[in-house]
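The values are calculated or read from the model by the stated rules, or taken from the named source; none is laboratory data. None of the values given here were measured: they were computed from a predicted structure. Here the Cβ is made from the backbone with ideal geometry for all residues, glycine too, and neighbour counts use every protein chain on show.
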Amino acid sequence: MGVVDRLMSRWRTGAVRLLAVGAAAAAVATAGAREGVDVGPPSAFAKAVPAEQIERAATGQYRALLQQAAGRRALAPESNAQLQRLRAIAARIIPFTHDWNPESRRWSWEVNLIGSTQVNAFCMPGGKIAFYYGILDRLKLTDDEVAMVMGHEITHALREHAREQMGKTFATRAAIEIGAAVFGLGNGGRLLADMGGRLLTMQFSRKDETEADLIGLELAARAGYDPRAGVTLWQKMADANKRQPVELLSTHPSGPTRISDIKANLAKVEGLYARAEKPTVRFGPPGRP
């Protein structure tokens, strides 16, 4: 064998080995690929605000809201069928939140129902969830659709969208410095307190809304709820808003691409739903068994 032949033989051997290594690496990467939606990493701006601070502010607002509702006899009692429905759905979704935010393991999750005609729901930082009776009644939500709403709202807390907004405000205004004094009596502390008072009325960006839609879709699918309900939910929301303004849409804008985004991601969660343990008990909207 000549020199050229030997070189060609070595090249072929090396090429075959490289192809084999590449194929093996691709197989490992594919096997280790995460199943579900992909929304990228969370914003680094959230880290500018201590999580404990915003969770404390959220808990204070939540307590005040529940106290006001109780004073009007509008806080659903433990025996309320719709409250039990919400808590049963939440119990299925919450275990799947940990992959998206490990801190959710330590949250003191709460779910409450407020007797109001508002079409609204929210999840505040730290896992404080509230639904208004109007969203269940006016939209006649199925369990799958309730899971979509809940997954969406929970995602805002998991991805720390409110904390991110506060962090961006601090960064823009250059209002804080690292240190205890910043979050005590200084301007940064007052700014944080002012923003904390607006947790319930914050308007999220289109990016935040897309994250909430898609991660909520995955959370619900993993919990055994049909992800196709994400489409029917927002169709109902749009139809209801045509007849009378929907409160939820004042802080959760409904863009023309919302339903198409959800449809485009259904294939990513259908396998999760197919393998998920399905609820053994089904509930109905108010007025239905």
Within region 54-81, of all residues that are in contact with a helix residue (DSSP H, G or I) (Cβ under 6 Å, 6 or more places away or on another chain) and outside any loop (DSSP other than H, G, I, E, B), the one farthest from residue 213 (Cα to Cα) is 75
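So that you can scan it fast, the table gives a plain yes or no per residue for (1) crowded, with 19+ Cβ neighbours inside 10 Å; (2) touching a residue at least 60 places away in the same chain (Cβ under 8 Å); (3) farther than 22 Å from residue 273 by Cβ:
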site	(1), (2), (3)
71	no, no, yes
91	no, no, no
111	yes, no, yes
117	no, no, yes
124	yes, yes, yes
131	yes, no, yes
143	yes, yes, no
153	yes, yes, no
158	yes, yes, no
Which of the residues belonging to region 92-136 are charged (D, E, K, R) and under 21 Å from residue 165 (Cα atoms)? 103, 128
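Yes or no, residue by residue, for (1) modelled with pLDDT under 95; (2) among the hydroxyl-bearing types (Ser, Thr, Tyr); (3) under 21 Å from residue 226 (Cβ atoms):
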{"residue": "247", "(1), (2), (3)": "yes, no, no"}
{"residue": "255", "(1), (2), (3)": "yes, no, no"}
{"residue": "273", "(1), (2), (3)": "no, yes, yes"}
{"residue": "289", "(1), (2), (3)": "yes, no, yes"}
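Matching residues to (1) at pLDDT below 95; (2) in contact with a Cys (Cβ under 8 Å, 6 or more places away or on another chain); (3) closer than 21 Å to residue 210 by Cβ:
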{"site": "115", "(1), (2), (3)": "no, no, no"}
{"site": "122", "(1), (2), (3)": "no, no, yes"}
{"site": "128", "(1), (2), (3)": "no, no, no"}
{"site": "147", "(1), (2), (3)": "no, no, yes"}
{"site": "151", "(1), (2), (3)": "no, no, yes"}
{"site": "154", "(1), (2), (3)": "no, yes, yes"}
{"site": "157", "(1), (2), (3)": "no, yes, yes"}
Picked from region 160-174 (must be hydrophobic (A, V, I, L, M, F, W, C) and either within 27 Å of residue 240 (Cβ to Cβ) or surrounded by fewer than 22 Cβ atoms within 10 Å (Cβ to Cβ) (or both)), the residue modelled with the highest pLDDT is 162
Only one of (1) under 24 Å from residue 217 (Cα atoms); (2) modelled with pLDDT under 95 is not met by residue 92, so which one is it? (2)
Failed item in (1) in a loop (DSSP other than H, G, I, E, B); (2) under 25 Å from residue 237 (Cα atoms); (3) not hydroxyl-bearing (Ser, Thr, Tyr), with residue 129 passing the rest: (1)
